[in-house]
Structures are given as C-alpha cells and as structure tokens.
Amino acid sequence: MLKEIATNEFKGNPFSMIGADWMLIAAENGEKANTMTAQWGGMGFMWGKDVVYAVIRPSRYTKEFVDTAGAFSLCFPPPDKYRKTMGYLGSVSGRDEDKIQKSGLTLAYADGVPYFEESDTVIIAKTLYAQEMAEGSFLDNGLIGQWYPEKDFHTLYIAEVSKILVKG
C-alpha cells in the first residue's frame, strides 16, 4: 500500500533511483495510458517549487502522452524484482502492443495521473516547462557525438511535484 508523504519527508537518493535503478515515466492522453523506462532525469528546487525533470526523445510514444497530459508520474519499482519488466517496457513501443497489460504491472491513478502500484516510490508531477534540447546549446560538443549521433535531441520537461507516494 502506498501512502502520501510531504516532499520534505522524501529520503530517496535520485542518483541511485534514476541512474542505477531506473524509473518509469507514465502519462495518459485521455483515452489510454502509456509508459517508458528512463534513466536520465533529476529532482530539485526551481521557481520556488519542488520539481523533477525528465528528458524524452522525440521518437518515444510516451512523449505524445506527456505533451498532451499536463502531468505525468515517475515510478520506481524495486529493481531487484522488476528489472526485466522495466527492460521490456523500455524496448517495446506502446504503438505496437498494449505493453502495460503485457508487463503484469498494476495501473492505478492519483489525481488522474497513471502510476504503477508495484512501485516503492511514485512522484506525481505537473508539467511546468518543456523545451527541445538544441545542438547549439551544448557547451561540451562531445556529448552530441556520444549521445545524439542522429540529432534526435531530447525534450526537457520540468514539472512541479504535486504528490509523493511511498510504500509504507
């Protein structure tokens, strides 16, 4: 069972949660939900608000959902139990199949935003800002060759944390 906590009660380490353990980004377009696995993002404070940020490539189906929904969730299932599932959700497109149903994860909603009940932590976030990364903005051009050889730059989303749910 997940319970809500205040942002100042959050004890998670974003470096391990996002970078090592991975997360699922989920959103709904009014008709259905979609999700993707992500390993890039962060948490912090901006514009007087507790925020998260996530980046999504233009080719990802979930991007369409995040762009229209106005809110999304970051879900953190325990990696020791769900690494294979998260690998599947990151490699198959929701355009091609109902990957949420096939994943075996349980879809739930908080404030109309989809998330997965199996998660240890869920962050519900309202999108505040979205901008496509631009080649001319990189100060370290080596990153372009390393991460964007096809020039498929991510869109950066900054979102206000509206709710944090944790196992408890």
Could you count how many residues in the range 10-31 are without any contact (Cβ under 8 Å) to a residue 40 or more places away in the chain and open to solvent by 50 Å² or more (accessible area, probe 1.4 Å)?
5
Report every pair of residues separated by at least 6 positions or lying on different chains whose Cβ atoms are under 7 Å apart, first residue within the range 43-61 and more than 24 Å from G90 (Cβ to Cβ), second of a type in the set (S, T, Y).
D50/T7
Across (1) open to solvent by 60 Å² or more (accessible area, probe 1.4 Å); (2) out of contact with any strand residue (DSSP E or B) (no Cβ under 8 Å at 6 or more places or on another chain), S93 clears everything bar (1)
Inspect the range 110-123 for any residue being farther than 21 Å from E64 by Cα and open to solvent by 40 Å² or more (accessible area, probe 1.4 Å) and give the result as yes or no.
yes
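The values are calculated or read from the model by the stated rules, or taken from the named source; none is laboratory data. Predicted model only: the values in this text are computed from it and were never measured. Neighbour counts are summed over all protein chains in view; Cβ atoms, including those assigned to glycine, are modelled from backbone coordinates with ideal geometry. Only protein heavy atoms, including side chains, enter the accessible area calculation; ligands, DNA and RNA are left aside. Shrake-Rupley method; radii C 1.70, N 1.55, O 1.52, S 1.80 Å.
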